[in-house]
1. I'm trying to understand the selection: among the residues of the stretch A:269-307, which are charged (D, E, K, R) and open to solvent by 50 Å² or more (accessible area, probe 1.4 Å)?
2. Pick from A:D83, A:D180: which is of a type in the set (D, E) and more than 23 Å from the chain's Cα centre (by Cα)?
3. Hey, any hits in the stretch C:119-138 for a residue that's surrounded by fewer than 19 Cβ atoms within 10 Å (Cβ to Cβ) and β-branched (V, I, T)?
4. Restricting attention to the stretch B:135-158, which residues are at negative phi and more than 27 Å from the chain's Cα centre (by Cα)?
5. Check A:A110 against each of (1) within 10 Å of chain B (Cβ to nearest Cβ); (2) over 23 Å from the mean Cα position of the chain (by Cα) and name the one condition it does not meet.
6. For the stretch B:92-112, give me each residue that is at pLDDT 85 or above and either touching an Asp or Glu at 6+ places or on another chain (Cβ under 7 Å) or surrounded by 16 or more Cβ atoms within 10 Å (Cβ to Cβ) (or both).
7. Among the residues of the stretch A:169-190, is any open to solvent by 10 Å² or more (accessible area, probe 1.4 Å), away from every other protein chain (no Cβ under 14 Å) and not aliphatic (A, V, I, L, M)?
8. Look at the stretch B:11-47 and say how many of its residues are facing chain C (nearest Cβ under 10 Å) and exposed (fewer than 12 other Cβ atoms within 10 Å of the Cβ).
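The values are calculated or read from the model by the stated rules, or taken from the named source; none is laboratory data. On a predicted model such as this, the values are computed, not experimentally measured, just so you know. All Cβ positions, even for glycine, are placed from backbone atoms using ideal geometry, and neighbour counts span all protein chains on display. With ligands, DNA and RNA removed, areas are computed over all heavy atoms of the protein, side chains included. Shrake-Rupley method; radii C 1.70, N 1.55, O 1.52, S 1.80 Å.
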Amino acid sequence: MPVSSLLAVEDLSVRFTAGAVSIEAVRSINFRLAPGECLALVGESGCGKSVTALALLGLLPDYATITGKVFWRERELNALSPDERRAYRGRRMAMVFQEPASSLNPVYTAGEQVAEAIRLHRRLPRREAMAQAIALLEEVRVPDAAQKAHSYPHQLSGGMRQRVLLAAALACEPELLLADEPTTALDVTVQKQILDLLSQLQRKRRMAMIFITHDLALVPQLADRMAVMYAGSLVEFGPAAAVIAAPAHPYTRALVTTHPELWVGGEPLPELPGLPPDPSQRSEGCPFAPRCQHVQPVCQTRFPPPVPLGEGRWAACLTSVAGSLVRRRVVP
Amino acid sequence: MPIGMSLLRKSYRMTVYLIRRLLSSFLLVIALLSVVFFVIHAAPGDPLDLYADSDLDASQRDLIRQRLGLDLPVWQQYIHWLAAVLWHGDFGTSLRQHRPVREILQEAIPNTLLLTVAAFVLHFLIAIVAGVLLARHRGHPWERTATVSGLAVYSLPNFWLGLMLILLFSRQLGWFPTGGMMSLDAEYLPWPRYLLDRLHHMVLPVLMLGMGSAMATARYLRNSLSEVLEQDYVLAARAKGLPERTVLVKHALRNGLLPVITLIGLSFPFLLGGAVATEVIFAWPGMGRVTIDAIWARDYPVIMATTALAAVMVVVGNLLADLLYGWADPRVRLTTKDVP
Amino acid sequence: MNGTIKPSARLRFWRVLWADRSARAGLILVLALVLCAVLADVFAPMDPSALGSAAARMQGPSRDHPLGTDLLGRDVLVRLIHASRVSLTIGWVSVVVAVLCGSFIGLAAGLGPPAVDKILMGVTDLFLAFPRVFLVLLLVSLTAPSLLLVLLVLGLTGWMSVARLVRAEVLSLKERDYILAARGLGISEFRLAVRHLLPNVLPTIVVAATLRIGSTILLESFLSFLGLGTQEPAVSWGTMIEQGRPFLLEGWWLATFPGLAITLTVIGYNLLGDGLREAMDPRTVVAGQRHARVFTTRS
């Protein structure tokens with residue numbers, strides 16, 4: 001039964017080219033997002049998660065070539081002119097970045113930067129926009145919002161800055177929020193607060209969210225569904241709880257079993273040996289093949305397509321391992 | 001009210017900082033004046049020559065020597081001179097023109113300021129436009145041309161550039177006057193035409209003075225802007241949906257210009273030095289021309305005065321640039337307690 | 001690591017320098033000009049001050065006189081070549097003087113007790129506050145103009161920035177391990193400075209010196225133009241420009257070519273200086289490897 005999707009990504013690929021060097025950062029991504037749904041995009045550094053997010057917003061640099069299609073409610077975004085595309089940013093979809101310290105302009109106050117988004121999309125006069133900005137800061141639980149609005153970024157703590165960024169992103173009531181590792185640069189204690197905040201805001205505003213992270217443990221709290229990314233392509237997809245409880249793809253399985261918090265069967269297994277493949281040299285077969293313990297000859301020659309596993313899950317694995325793994329839970 | 005208190009505290013800190021800077025600048029000025037005095041007086045020869053024409057007979061010289069207090073020890077002379085300068089702005093009397101040096105300076109300095117300020121504006125206009133263009137279009141073939149031509153302009157003798165400008169635009173093409181601040185009958189012109197005449201005379205000298213290192217500043221700005229454009233907050237600004245022009249001007253330039261402000265301080269000695277050549281070439285009656293004339297005439301009171309003043313102007317310029325930077329960058333403005 | 005540069009590093013240095021097109025051009029220019037100055041008598045065996053025939057006066061560029069002749073019939077090209085000697089000599093010698101003074105002061109400030117450092121740097125900053133032109137003019141006004149005076153004055157007004165540079169280098173090198181080790185062995189400060197610090201500061205000094213030669217030549221030509229520089233018969237390019245000034249339109253070649261000569265010279269030194277700086281920087285990669293840095297996207 002077709003769900004009216006907010007965002008539909010079809011066969012999205014991103015290639016960076018400069019001179020003789022060419023790197024395929026993202027390869028053939030497919031997924032759909034329903035309104036109000038939270039999707040977690042999980043993977044280690046360098047796997048292309050951020051590039052995907054930037055591709056959705058249309059913020060990739062000139063030397064990036066994007067193929068494939070991105071649909072926003074049936075409207076194809078890549079076919080739009082730059083100005084039309086710009087209208088979607090901030091208003092329909094907004095992004096929160098990883099480094100709060102450098103994502104805020106040091107020469108403008110927090111309030112000014114939130115108000116800027118408001119004035120841009122809602123065309124309110126300065127005073128009103130500032131008042132709205134303060135209200136937003138209160139909504140993201142910045143204490144002393146009125147005073148903090150007149151503070152400069154270097155006077156605020158990391159957690160505070162991230163809240164300011166969040167406020168700026170929410171300023172125009174976007175339908176989709178892209179959160180790129182929003183807590184990675186923060187203290188552990190603050191991380192939980194921000195995550196709670198994100199969760200609340202998402203539900204309260206009925207916002208769709210793509211939550212990018214490398215830490216699996218953060219996923220269940222926020223996400224309805226999750227997508228696992230490895231070396232530029234999606235390797236597993238499905239409802240978050242189910243995937244974590246019984247990961248199907250060998251990579252996902254490795255992620256779960258080596259995670260100190262998720263793995264409850266005694267000592268976490270040792271880290272997976274090896275590294276993700278060099279992005280400038282992508283091979284024909286499955287990118288995970290060199291590190292996979294279930295690897296078979298066919299894995300080296302064919303790029304694995306998504307294999308449906310039932311219950312809205314699929315895994316990009318050619319072996320029959322994935323299917324059998326579905327039933328073997330690792331997390332109760 | 002907490003907001004009020006913190007504002008009060010901030011302005012107190014700023015004031016303290018200001019006072020400290022003014023004080024150290026003042027001490028620097030005194031030191032500069034002293035250097036000028038002692039350099040001149042360290043020269044071989046009769047110190048009387050510094051204050052009186054050399055073609056006077058012995059008895060007249062002794063009289064003058066006494067009157068000017070030159071028979072006093074050097075330290076006392078120094079104190080007297082310094083006091084005269086600081087309290088009254090009195091640099092003595094010009095040997096050649098037989099009138100107070102202060103008068104000469106009062107006439108000359110505004111002319112030099114006119115030239116240098118106009119050149120300053122031109123310099124930074126060119127630099128900003130070129131810098132932004134270069135930053136936007138990195139890797140463009142233009143970049144090579146711009147760098148090379150910038151280097152060429154930077155490497156040529158400024159006085160020769162002035163001569164070439166005169167050769168081409170004045171003598172050959174006849175578009176601009178060869179020199180001077182205004183035409184001979186300019187005073188009788190009605191107001192708008194007077195202004196036009198003055199501007200007409202300013203074009204070539206300002207070009208000569210302002211073009212010199214404009215491309216170097218442009219390159220500096222380009223580098224600074226390129227760095228800024230890589231920053232996360234620029235990406236975040238784009239993600240908000242801001243038009244590219246706003247991102248560039250409001251976010252990138254505002255930050256990218258900060259290091260360039262420090263260059264403003266550095267450009268003062270350069271501009272003042274260049275003004276000397278410009279005024280000689282274009283017969284512009286400013287401080288530079290006065291200095292050169294004074295050197296030929298061995299008019300030491302004037303030489304001392306202009307050298308000292310040039311240094312003072314540099315100090316003042318640096319002070320202003322520092323204050324400007326402090327105001328422009330809130331990180332400096334609100335966190336400095338005391339800056340050395 | 002005690003002062004000698006590894007041969008492979010030296011080779012790399014030359015390779016990087018040669019690979020950089022601008023630096024290569026600068027090097028060639030500088031060498032050509034030095035050759036021209038040194039071998040002036042070979043290239044132009046005529047006497048530059050010898051008066052030419054009356055018929056040859058004020059001729060524009062022609063086959064006989066590629067750059068024209070002046071009021072007295074003297075060939076401009078010949079005078080240009082001989083004048084290069086003067087300009088280059090002054091440029092090099094005064095820069096050497098300035099660099100020697102500056103290095104010494106910079107070393108002393110960097111290595112000495114904080115009091116000495118403060119005093120030396122205070123004096124340096126004091127002199128830096130003067131626009132160099134004014135300082136030079138002030139000093140020149142004290143006695144009659146001559147070659148020696150110009151040399152001295154230019155040298156004495158140019159040491160300040162070198163001193164600051166050297167001091168900064170010394171301060172950063174001072175904390176390096178091999179210096180501490182040498183100190184631990186009981187080596188005297190002087191020996192330390194000369195044998196260990198100096199060779200490592202040398203690259204910076206060389207770059208600074210090269211870049212300074214350009215600005216010194218410009219300043220010297222201005223002095224000569226004003227008549228405050230070298231006097232006849234040691235004519236410099238600046239003097240030639242001054243001599244051509246009254247005939248700016250009718251005899252444009254007189255003022256134009258010396259200026260071009262100066263420009264080319266300074267361009268050469270600036271290019272070379274920039275190239276040297278790039279080549280000495282261990283982070284500079286030979287072109288081609290630069291592209292690898294481009295893709296620094298996050299995760």
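1. A:E271, A:D278, A:R282, A:E284, A:R302 - these are the residues of the stretch A:269-307 that are charged (D, E, K, R) and open to solvent by 50 Å² or more (accessible area, probe 1.4 Å).
2. Only one candidate passes the filter, namely A:D83.
3. Yes, that holds for at least one residue.
4. B:A135, B:R136, B:H137, B:R138, B:H140, B:P141, B:W142, B:E143, B:R144, B:T145
5. Here A:A110 clears every test but (1).
6. Those that are at pLDDT 85 or above and either touching an Asp or Glu at 6+ places or on another chain (Cβ under 7 Å) or surrounded by 16 or more Cβ atoms within 10 Å (Cβ to Cβ) (or both): B:P100, B:V101, B:R102, B:I104, B:L105, B:A108, B:I109, B:N111, B:T112.
7. Yes, the stretch A:169-190 contains at least one residue that is open to solvent by 10 Å² or more (accessible area, probe 1.4 Å), away from every other protein chain (no Cβ under 14 Å) and not aliphatic (A, V, I, L, M).
8. 3
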